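Read the structure below first, then the notes.
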Amino acid sequence: MVEPCTLPCKHIFCIQCINQQIMNKTQCPMCRQDFQQNYLPQIDTDLQSKIKLKYPQKFEERNEELKQQGLLEGNLVKVKFMYGNDHKLIPNPKKLNSQHLGEEIENKHTWTVFVRIVKSQGQIIGNEAKKFISKVKFGLHPTFGATEQTVQQEPFQMTKIGWGTFEVPIEIHFRRETGKRDKVTLSHYLSFNGHGETKWFTVTFDKEKLEQMSI
């Protein structure tokens, strides 16, 4: 084990294994203790030093294997983002005639669909989404006229007033300097329950490229 991770429940796993685990369930594979949804595993550097000292040859061999496979977490930065929507009711909404529905409706919901940064691991260039994201495309229901809205500066969000919920496609593009060529495509169903709903996703970046970036 080259990059050990000590979980909140104190069980120890290699960080590569636990990262795979929390993609499906945010809980310990051994005792099944649940973690917070925004939990981000980190390398236990104290334990790592002890393993390296006790098993130097095996440590270096495994370290080189992971390095060749591009799996060495120490060379990576994991950044956690959240997406979803905020919501609030409009007091005394006006009734309007909807040409799309052919009936009278009340636009009584103000909602904001968003992509925001949560936290990161390792040395990074900052704690703002604009350090990583170049633009976000939000899909819209046909009743809004336009089918999508592109946001190219922070905050990466879209605010509207409406009467009903629908599925919002979200397309996230990253700054070229990050080395992340693939976009992230998500989908969020608007929630008008309480203050809305939030979800999380993690993106892995090359630490060296981030350190070379100029803002």
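Explain nothing, just the number: dipole magnitude of the chain about its Cα centre with +1 on each Lys and Arg Cβ and -1 on each Asp and Glu Cβ, in debye rounded to the nearest 20. Walk me through the intermediate numbers first.
Working: 30 positive and 24 negative charges, 45 e Å.
The dipole magnitude comes to about 220 debye.
For Rg and Dmax of the Cα atoms in Å, one of [x] 19.2, 53; [y] 16.9, 49; [z] 21.7, 75 was computed from the structure I shared and the rest are decoys. Which label? Label of the calculated value: [z].
Roughly how tilted is helix 56-69, in degrees to the nearest 10 and between 0 and 90, from the longest Cα axis of the chain? Between helix and principal axis, roughly 40 degrees. Estimated from the Cβ-Cβ distance and a Förster radius of 22 angstrom, the FRET efficiency linking Asn75 and Met213 is about 0.90.
What does the charge add up to near Pro56, with Lys and Arg as +1, Asp and Glu as -1, over the other residues with Cβ less than 13 Å from its Cβ?
Numbers: positive: Lys50, Lys52, Lys54, Lys58, Arg62; negative: Glu60, Glu61, Glu64.
Result for the local shell: +2.
Would you tally the net charge around Gly179, using a Cβ to Cβ cut-off of less than 12 Å, leaving Gly179 out, and scoring K and R as +1, D and E as -1? Intermediate values should be presented prior to the final figure.
Values: positive: Arg175, Arg176, Lys180, Arg181, Lys207, Lys209; negative: Glu177, Asp182, Asp206, Glu208, Glu211.
Neighbour charge sum, excluding Gly179 itself: +1.
Summing charges over all other residues whose Cβ lies under 14 Å from the Cβ of Pro4, with Lys and Arg as +1 and Asp and Glu as -1, gives +2.
Rounded to the nearest Hz, the phi-derived 3J(HN,Hα) couplings of region 180-191 under the Karplus curve 6.51 cos²θ - 1.76 cosθ + 1.60 (θ = phi - 60°) are 8, 8, 7, 7, 9, 10, 10, 9, 10, 8, 3, 10, where x marks glycine and proline.
Bear in mind these aren't lab numbers, they're just calculated from the coordinates by the rules spelled out. Everything quoted here is computed from the prediction, not taken from an experiment. With ideal geometry, Cβ positions are generated from the backbone for all residues, glycine too; neighbour counts draw on all protein chains shown.
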